[in-house]
Amino acid sequence: MAAVKTNPQIILRPQDLVILLRLSLEDGPAPTYAVLADELCLTASEIHAGVKRAEAAQLLHKDQAGKAIVIKEALRLFVQHGARYAFPATRGSESRGMPTSYAAAPLVDKIVAGNSPLPVWPYKGGSARGVAFYPLYPSVPQAAMRNPALYELLVLFDAVRGGSPRERALAIAMFDERLKA
């Protein structure tokens, strides 16, 4: 019987980026996995696995107490140069949901929307109608409703991964400002 070959390559998953964006908002030690899981509508084991993958990708490290700390410069470079290729925008038909990309803060005041439908995350609890712009992970709308700062980072990320060159440039600049703060 021939040996089965496996590929030990670690691959970042969309929820890993959601976890990284949330952790990037912390100035001090990261919250517990249970707190993050509740806030992001994930399980504690998904948070743990995402942190391990992000650590392997050198997007975060752990302090002496074992708390995850985002390497903000690495995250900034990943979002600017690689994330839109790793997590390309996926669009669908007209939907009700939550505004994203140039249709939500902080970009809504900077970009003049044309006649085309606005991008929205499909979500039953949403109040806007537009074209479906699928979020990184299904629980993103609920997590964004719980944390306005995370919502803004996810909106900026969506503009990077699915916006026009002008929208991408503006979103990257605003994302950089937030990571430096």
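Rule-based calculations on the coordinates, nothing more; no lab input. Keep in mind that what you see is a predicted model, and the values were worked out from it rather than measured. Quick reminder, even Gly has a Cβ in these numbers, built from the backbone with ideal geometry, and neighbours come from all protein chains shown.
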Sole exception among (1) in contact (Cβ under 8 Å) with a residue 40 or more places away in the chain; (2) in a strand (DSSP E or B); (3) surrounded by 20 or more Cβ atoms within 10 Å (Cβ to Cβ) for Tyr102, by number: (2)
For region 16-36, which positions are of a type outside the set (D, E, K, R), out of contact with any Pro (no Cβ under 9 Å at 6 or more places or on another chain) and touching a residue at least 24 places away in the same chain (Cβ under 8 Å)? Leu17, Ile19, Leu20, Leu21, Ser24, Leu25, Pro29, Ala30
When the residues of region 145-181 are filtered to those that are over 16 Å from the mean Cα position of the chain (by Cα) and outside any helix (DSSP H, G or I), which remaining residue is farthest from Ala83 (Cα to Cα)? Ala181
Looking at (1) closer than 26 Å to Tyr85 by Cα; (2) assigned to a helix (DSSP H, G or I); (3) in contact (Cβ under 8 Å) with a residue 60 or more places away in the chain, which is the only condition Glu39 fails? (1)
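Could you list, in sequence order, all residues of region 75-93 that are among the hydrophobic types (A, V, I, L, M, F, W, C) and outside any helix (DSSP H, G or I)? Steps first, please.
Our first condition is that a residue be among the hydrophobic types (A, V, I, L, M, F, W, C); within region 75-93, this holds for 75, 77-79, 83, 86-87, 89.
Once the filter is applied, which keeps residues that are among the hydrophobic types (A, V, I, L, M, F, W, C) and outside any helix (DSSP H, G or I), region 75-93 yields Phe87, Ala89.
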Residue under question is Pro8, and the condition is that it be assigned to a loop (DSSP other than H, G, I, E, B), more than 15 Å from the chain's Cα centre (by Cα) and either surrounded by fewer than 16 Cβ atoms within 10 Å (Cβ to Cβ) or of a type in the set (Asp, Glu) (or both); does it hold? yes
